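Structure first, then comments.
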Amino acid sequence: MEYSEVLENAKKTIGKNCMVCPVCNGLACKNTMPGPGSKAPGNGANDNYNAWKKIKLEVDTFVANAPIDTGIELLGMNLSMPLITAPIGSIAMQFNPTDDVADFNEKCMAACETRGIFHAYGNGRDKRVWDRAIESGKAHNNNGIPVFNPGTNEGIEALMDLYKDCLPQAMCVVVDSAGLPHLKTFNGKGGGTKTIEDLKELKAYAKVPFIVKGIMSARTALKAVEAGADAIIVSNHGGRVLSDTPATAEVLPEIVDAVKGKAKILVDGGIRSGLDVFKALAIGADACLICRPVLISYYGGGQEGIECYIDKIKAELEDTMYMCGARKISDIDRSMIRM
Ligand SMILES: Cc1cc2nc3c(=O)[nH]c(=O)nc-3n(C[C@H](O)[C@H](O)[C@H](O)COP(=O)(O)O)c2cc1C
């Protein structure tokens, strides 16, 4: 399946909220929420996208002509490349009422299994969504990472209890969802913002590597580390929780300088190619997440569409490594980019 075909198919199935643009840069959907856009006034996703584009690559072909290896080890997981498909809580609310996020999770985990990466899945409030995601994880090499919205600690721990006979390889709490317009009622039930003490309790309860998603400054990265996070995800939720925050590429350097070596650093927001993945790794990230284009690929071809998209990112990453003088992921450093 060609990627152009995936995009053409997606236009027929994704519904009116997404224009399936040639490049998913957050402009045409702007503040379409519900939908794939950003919170009003709607510039967040586009700011993220543009920030990666401002970073330039430095060509260096004066290196040995050895094969390229994109594999990494992350929190005990072996990945064929530094990529995780990002969590999406609901697609029925955002796209078409009959769409089934559990099917999206299943197809993502199936595609990620054949491509040797992991899928992070979101917090549908329907317990059946969790049950099906747990089944999908078991069927696909345990490659699902649950991402819990900031409900009460009691509520999150009850969800963690669902993983009785098969613990995932990591668990994640997303702290910035407190700002999502449609989660205000959820927040009213005792959820919302989290303290360091709250997160310490959840980390202890998780018993597997603990990830905190929604970090946008060195200050909050240090708080997550203090709470015991094994990894953080630098993310502004794709511009969906607050506008006029910096882009993730803009804050990544200060966060890397503050917490590198203390926790693994993941990043998302506007990453749209293997070139962007390379830039994030060059700044110091350990891995990246991609959300909206993976979803578009699901609408355009199910498992095969997602596999096609992952293959595209991998091929671009390999090409960039080849041209910038890196043969393995650990070779990539800041000297290979211009900020
Ligand atoms: C429709 C939609 C639903 C999302 N749902 C969740 C969610 O449930 N939990 C979460 O942590 N992030 C959620 N996100 C945020 C993504 O995981 C990701 O952080 C963000 O979209 C940035 O990546 P991107 O620019 O590649 O889309 C959602 C994003 C979109 C567009």
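The values are calculated or read from the model by the stated rules, or taken from the named source; none is laboratory data. Every value quoted in this text rests on a predicted model; they were computed, and no experiment measured them. Cβ placement follows ideal geometry from the backbone for every residue including glycine, while neighbour counts extend to all protein chains displayed. With ligands, DNA and RNA removed, areas are computed over all heavy atoms of the protein, side chains included. Shrake-Rupley method; radii C 1.70, N 1.55, O 1.52, S 1.80 Å.
If r is the Cβ-Cβ distance from Thr193 to Val63 and R0 is 45 Å, what FRET efficiency results, to the nearest 0.05? Efficiency, rounded to the nearest 0.05: 0.40. About the centre of its Cα atoms, region 20-171 shows a dipole size close to 500 debye [charges on the beta carbon of Lys, Arg (+1) and Asp, Glu (-1) only; nearest 20 debye].
Each listed q (0.16, 0.26 Å⁻¹) maps to a log10 I(q)/I(0) for region 240-319, found by the Debye formula over equal Cα scatterers with no solvent: -0.67, -1.18.
How many percent of all Cα-Cα pairs in region 68-180 sit more than 20 Å apart?
The answer is 40 percent, as a whole percent.
About its Cα centre, the dipole of region 63-120 is roughly 140 debye, where the only charges are +1 on Lys and Arg Cβ and -1 on Asp and Glu Cβ. 3J(HN,Hα) couplings calculated from phi for region 151-156 with the Karplus curve 6.51 cos²θ - 1.76 cosθ + 1.60 (θ = phi - 60°) are, in sequence order, x, 5, 4, 4, x, 5 Hz; Gly and Pro show x. The helix-based estimate of mean residue ellipticity at 222 nm for the chain, built from -39,500 (n - 2.57) per DSSP H run of four or more residues and divided by its residue count, is -13000 deg cm²/dmol to the nearest 500.
Stokes-Einstein diffusion of the chain at 25 °C, 0.890 mPa s viscosity, Kirkwood radius from Cα pairs, rounded to a whole number: 124 µm²/s.
For the chain, the solvent-accessible area with a 1.4 angstrom probe is 40 square angstrom per residue.
Under the classification rounded if a/c is under 1.5, otherwise prolate if a/b is larger than b/c and oblate if not, where does region 58-129 fall, given a ≥ b ≥ c as square roots of the Cα gyration tensor eigenvalues? The shape class here is prolate.
Computed about its Cα centre, the charge dipole of the chain is approximately 760 debye, with only Lys, Arg, Asp and Glu carrying charge at their Cβ.
The share of accessible area on the chain that comes from carbon and sulfur is 54 percent, using a 1.4 angstrom probe.
Amide H to amide H distances under 5 Å link Phe148 with Cys172, Val173, Val174, where only residues 5 or more positions off or on other chains count and H is placed in the peptide plane.
For the set Lys11/Lys53; Lys207/Lys314; Lys54/Lys279; Lys54/Lys264; Lys223/Lys262, the pairs lying more than 20 angstrom apart at their alpha carbons are Lys11/Lys53; Lys207/Lys314; Lys54/Lys264. Ordering 253-265, 152-164 by mean Cβ neighbour count within 10 Å, with the highest value first, yields 253-265, 152-164. For region 2-116, the direction-averaged projected area of the alpha-carbon convex hull comes to 10.2 nm².
Each peptide in 64-74, 271-281, 192-202, 78-88 receives the mean, over its residues, of other Cβ atoms within 10 Å, and ordering these scores from highest gives 271-281, 78-88, 192-202, 64-74.
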